[in-house]
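The values are calculated or read from the model by the stated rules, or taken from the named source; none is laboratory data. The structure displayed is predicted, hence computed values, not measured ones. FYI the Cβ positions are ideal-geometry reconstructions off the backbone, even for glycines, and counts take in every protein chain you see. When the accessible area is computed, the model is the full protein with side chains, heavy atoms only, and any ligands, DNA or RNA have been set aside. Shrake-Rupley method; radii C 1.70, N 1.55, O 1.52, S 1.80 Å.
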Amino acid sequence: MSNFGGWSHIKLFDPEVKKICLELRPEMEKKIGTVFKIFFPVVYSSQLVAGTNYMFKVLVDADGDGVCVHALIFQPLPCTGNKPNMTEFQYPKSVDDPLIPLEHLQK
């Protein structure tokens, strides 16, 4: 996990964070307006706030073009009873594009 307010280094998905990503696939598809051919979580970064911000890189193109979604996910504190949700996204992104938290979230 990152220091409070700071973003972690880019890392591979662990099972817990991957589960969050997979659960949000329908929301991502709806907000972006497409049904993805594949949905493969690649890497992520996290930021500890009053909850957790995640920046996910997800490979969504099966045609070999390397098209990805960069999605900002907010996971509220468990005591709120609220579920994680996608607050912002960048699409399309290349698999080679660096996963950089949105400028207004950088500290």
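Among the trypsin sites (Lys or Arg not before Pro) within region 1-102, those in coil by DSSP and having at most 15 neighbouring Cβ atoms inside 10 Å are 37. In this structure region 10-107 gives 56 Å² per residue of accessible area when probed at 1.4 Å with all protein chains present. The lysines whose alpha-carbon is closer than 17 Å to the alpha-carbon of residue 18, local same-chain residues fewer than 8 away aside, are 57, 83.
Once Rg and Dmax of the Cα atoms in Å is calculated for the structure shown, the corresponding label among (1) 13.9, 44; (2) 17.5, 65; (3) 13.2, 42 turns out to be (3). Using a probe radius of 1.4 angstrom, the carbon and sulfur fraction of the accessible surface of region 53-95 is 52%.
Computed over neighbours whose Cβ is under 13 Å from that of residue 12, the net charge equals +1, Lys and Arg +1, Asp and Glu -1. Projecting the Cα atoms of 54, 64, 76 onto the charge dipole of region 27-93, computed from C-beta unit charges around the Cα centre, puts 76 farthest toward the positive end.
Dividing the summed -39500 (n - 2.57) terms of all DSSP H runs of n ≥ 4 by the residue count of the chain sets its mean residue ellipticity at 222 nm at -4500 deg cm²/dmol. Taken one residue at a time, the phi angles of region 43-57 give Karplus couplings (6.51, -1.76, 1.60, θ = phi - 60°) of 8, 8, 9, 9, 9, 7, 10, 7, x, 9, 8, 10, 10, 9, 10 Hz. Gly and Pro are set to x. Net charge dipole, the chain: roughly 300 debye, given to the nearest 20, about the Cα centre with Cβ charges of +1 for Lys and Arg and -1 for Asp and Glu.
Only aspartates and glutamates eight or more places from residue 31 in sequence, or on another chain, were considered; those with a Cα closer than 18 Å are 23, 61, 88.
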